[in-house]
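**Student:** The structure under discussion is supplied below as structure tokens; questions concerning it will follow.
Where a number appears in this text, it was derived from the coordinates with a stated rule and is not lab data. Bear in mind that the values here come from a model prediction, so they are computed numbers and not experimental data. Neighbour counts run over all protein chains shown; Cβ positions are idealised from the backbone, glycine included.
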Amino acid sequence: MTTTQARSTRQRDRAVVAAAAIATPVLLWALITYVFGFDITVPESFGSDARTALEPVPVLGTAVAAVLAGWASLALLERFAGARALTIWTAVAVIVFLGTLPYMPGFTTTERLLLGLVHLSLALVLVVGMRRTARAGV
């Protein structure tokens, strides 16, 4: 396989991973909300006591932003960090995942668990999928 073919295959595989990583939390949110009937509410702004229902658009937007940031950072690391790229990217991805969990006060235990599950679904698909598409021997 030529370098161009390998790059094209890797880009196609990453696009599939990206689509799956975006779809997974949105589908899980729909399952939690519509099938199981849980109403997840979030603060209207950081530190606010006012709550608003979590809608699909913010879930989708956050998933798209996370996936694009993950894909771009992995591509940059592969280009500039060499053999350590995948290790660095995975460590950063885990730190970002843990740092974005719903730790703020005001979330109920159920909301924390459900939002954590939605976060985990995106993180697992993205990290496992992107690691599988990483360049061999980088």
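**Student:** May I ask you to list the chymotrypsin sites (Phe, Trp or Tyr not before Pro) in the range 1-67 that are in a DSSP loop and have at most 12 other Cβ atoms within 10 Å of their Cβ?
**Tutor:** When the chymotrypsin sites (Phe, Trp or Tyr not before Pro) of the range 1-67 are filtered for loop state and at most 12 Cβ neighbours within 10 Å, PHE36, PHE46 remain.
**Student:** Then there's this: Just grab the label-to-label distance for THR2 and LEU117, each label 7 Å out from Cα along the Cβ direction, in nm (one decimal).
**Tutor:** Using points 7 Å along Cα→Cβ, the separation is 4.9 nm.
**Student:** Give me a comma-separated list of calculated 3J(HN,Hα) values for the range 23-33, in order, Karplus coefficients 6.51, -1.76, 1.60 applied at θ = phi - 60°, integers in Hz, x for any Gly or Pro.
**Tutor:** Going residue by residue, I get 5, 4, x, 5, 5, 5, 4, 4, 4, 5, 7 Hz, with x marking Gly and Pro.
**Student:** Report the charge-dipole magnitude of the range 3-133 in Debye, nearest 20, computed about the Cα centre from +1 at each Lys and Arg Cβ and -1 at each Asp and Glu Cβ.
**Tutor:** In total the dipole reaches around 800 debye.
**Student:** Rounded, prolate or oblate: which fits the range 1-44 when a ≥ b ≥ c are the square roots of the eigenvalues of the alpha-carbon gyration tensor, with rounded for a/c under 1.5 and prolate only if a/b beats b/c?
**Tutor:** Here the range 1-44 falls in the prolate category.
**Student:** Sequence-distant or interchain residues sharing an amide H contact under 5 Å with THR41, placed H: which?
**Tutor:** Counting only residues 5 or more places away or on other chains, the set is LEU54.
**Student:** Next question. I need the trypsin sites (Lys or Arg not before Pro) found in the range 51-138, filtered to DSSP loop residues with at most 16 other beta carbons within 10 Å of theirs. Walk me through the numbers before you get to the answer.
**Tutor:** Numbers: sites: ARG51, ARG79, ARG84, ARG112, ARG131, ARG132, ARG135; in loops: ARG135.
Listed in order of number, the matching sites are ARG135.
**Student:** Moving to a separate point now. Which entry in [x] 14.0, 41; [y] 20.4, 70; [z] 17.0, 57 is this structure's computed Rg and Dmax of the Cα atoms in Å?
**Tutor:** [z]
**Student:** Next question, about the same structure. Return a whole-number percent for the relative contact order of the chain, with Cα pairs under 8 Å and 6 or more residues apart as the contact set.
**Tutor:** Reported relative contact order: 35 percent.
**Student:** At 222 nm, what value in deg cm²/dmol follows for the chain if DSSP H runs of at least 4 each add -39500 (n - 2.57) and the sum is divided by all its residues, to the nearest 500?
**Tutor:** -23500 deg cm²/dmol
**Student:** Would you please name the chymotrypsin sites (Phe, Trp or Tyr not before Pro) within the range 69-138 that are DSSP coil residues with at most 16 other C-beta atoms within 10 Å of their C-beta? The partial results should precede the final answer.
**Tutor:** Working: sites: TRP71, PHE80, TRP89, PHE97, TYR103, PHE107; in loops: TYR103, PHE107.
Passing sites in the range 69-138 are TYR103.
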